[in-house]
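Shown next, in structure tokens, is the structure this report addresses.
Every read-out reported here was derived from the displayed coordinates using simple, explicitly stated rules and does not represent laboratory data. Computed from a prediction, not measured in an experiment: that's the story for all the values here. Please note: Cβ atoms are built from the backbone with ideal geometry, for glycine as well, and neighbour counts cover all protein chains shown.
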Amino acid sequence: MAAANDRRSRGMGLSLNLPSRQSPRPPPVPQPLPLPPPSLDESRYSRGSNNPGSNPGSNPGGNLGGNPVSRGLSGGVYHGHHGGAQLPQNRDVVLADLEKIGVLGAGSGGKVYKVRHRWTGKEYALKIIQEKHELAVRRQIMREMDILRSSKSQHLVECYGVFDRGGEISFVLEYMDGGTLADVLKYHKKIGERYLAEVTKQVLLGLLYLHKHKIVHRDIKPSNLLLNRKQEVKIADFGVSTVLANTLAQCNSFVGTCAYMSPERFDPDGNGGEYGYAADIWSLGLTLLECAIGRFPCLKPGEKPDWPTLMYAICWGEPPSPPADASPEFQNFIINCLQKNSNSRPSAEMLLNHPFVRRYEGQPGVISELLQGLVL
């Protein structure tokens with residue numbers, strides 16, 4: 001209404017104070033986020049160590065401008081261990097060196113672009129959160145993304161830089177050419193157990209790394225599990241969607257995130273107000289079951305996934321059951337993951353030795369086969 005009155009005021013001949021042509025207002029300068037130095041050390045990661053416990057404390061083709069925020073792992077952003085062109089050591093990826101190729105996806109108040117480094121030709125994914133959030137939220141997002149920047153696991157998507165441009169936050173991420181598990185599911189409609197076993201193994205290795213470093217991901221779902229044609233499956237997003245979701249007034253605007261929440265996360269008051277590593281196990285089980293049956297398992301076909309319906313189904317309904325024609329190993333795996341009582345769910349380390357995961361070990365090329373014919 002104020003804007004409309006202002007437009008009417010201009011039409012009535014009222015004068016406005018305009019900035020001088022000789023001194024235009026400069027554009028906002030990208031400000032680096034003060035990330036702490038890398039802290040997670042892969043050398044401390046051991047598959048055989050003890051269980052950590054259950055509770056832890058749009059312009060495609062255009063160029064981008066910005067200042068480097070943080071250095072990559074081992075003192076440089078990229079050191080060639082993923083193949084492709086190599087950036088000089090101690091050189092950061094800066095936004096001004098990236099050009100947009102196209103859009104990879106959208107959601108959580110922003111978009112993800114495929115970008116190319118103009119000097120090396122290396123491709124990255126650029127995630128831009130376009131909504132302007134208050135400083136406290138941006139700081140929380142920064143803390144979450146620092147997990148990516150400082151982690152040293154081949155099962156986590158790498159982060160090469162974080163930028164704040166007047167409240168618009170940008171992340172330069174590792175580009176995964178196979179897209180997300182959600183893309184794969186949309187293409188195949190259903191995913192067979194042989195493929196799911198390999199996906200499961202790699203996701204569990206990523207979760208094991210996080211849990212050993214006392215980190216709960218909080219947002220495991222098909223769109224946060226990325227694949228590439230080098231046979232890799234990696235975890236992405238580290239709670240950014242959850243942080244954003246908690247700042248929104250309308251719950252229905254983030255049903256994609258809350259749909260995969262465990263009962264103790266969906267209804268904390270009814271579950272002691274706490275959740276731990278087991279919340280990620282529930283989300284993984286729900287994700288795998290969705291891939292196996294081709295639809296979200298907690299709701300009936302055609303049922304509207306609004307907040308009350310989801311809450312009732314997840315908190316008070318019976319856990320969804322695996323299909324009757326699934327193998328006994330897969331059925332048992334899903335049943336274990338989808339225990340309503342979080343203390344009854346196995347840890348990531350225990351599930352790595354589950355018969356479903358071990359049954360299909362040693363089959364090369366499974367991920368490439370799964371991605372065959374998929375065009376993003």
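Brief remarks follow.
- Cleavage-rule hits, trypsin sites (Lys or Arg not before Pro), segment 174-212, DSSP coil, Cβ neighbours within 10 Å at most 16: Lys189, Lys190
- Loop-located chymotrypsin sites (Phe, Trp or Tyr not before Pro) in segment 99-198 whose Cβ has at most 16 other Cβ within 10 Å (DSSP): Trp119
- Cleavage-rule hits (GluC sites (Glu not before Pro)) in segment 283-376: DSSP loop, at most 16 neighbouring Cβ within 10 angstrom: Glu303, Glu361
- Cβ-Cβ FRET estimate between Gln372 and Arg143, R0 fixed at 51 Å, reported to 0.05: 0.85
- Radius 10 Å from Cβ of Asn228, net charge of other residues (Lys, Arg +1; Asp, Glu -1): 0
- Given their separation in residues at 0.36 nm each and the Cα-Cα distance between them, Arg118 and Lys230 gain 38.0 nm when the chain is fully extended.
- Exposure proxy for Trp282, Trp307: other Cβ atoms within 10 Å of each Cβ, ordered fewest to most, give Trp307, Trp282.
- Formal net charge of residues neighbouring Tyr195 (Cβ-Cβ distance under 12 Å; K, R +1; D, E -1): 0
- When Tyr312, Tyr209 are arranged by Cβ crowding within 10 Å, least crowded first, meaning fewest neighbours, the order is Tyr312, Tyr209.
- With a Förster radius of 35 Å applied to the C-beta separation of Arg194 and Ala106, the computed FRET efficiency comes to 0.65.
- Above-threshold pairs, the threshold being 18 Å between Cα atoms, out of Lys152/Lys234; Lys190/Lys304; Lys190/Lys234: Lys190/Lys304; Lys190/Lys234
- By other beta-carbon atoms within 10 Å, ranking Ile367, Ile335 with the fewest at the front produces Ile335, Ile367.
- Applying 1/(1 + (r/R0)^6) with R0 = 51 Å to the Cβ-Cβ distance of Asn353 and Glu99 gives a FRET efficiency near 0.65.
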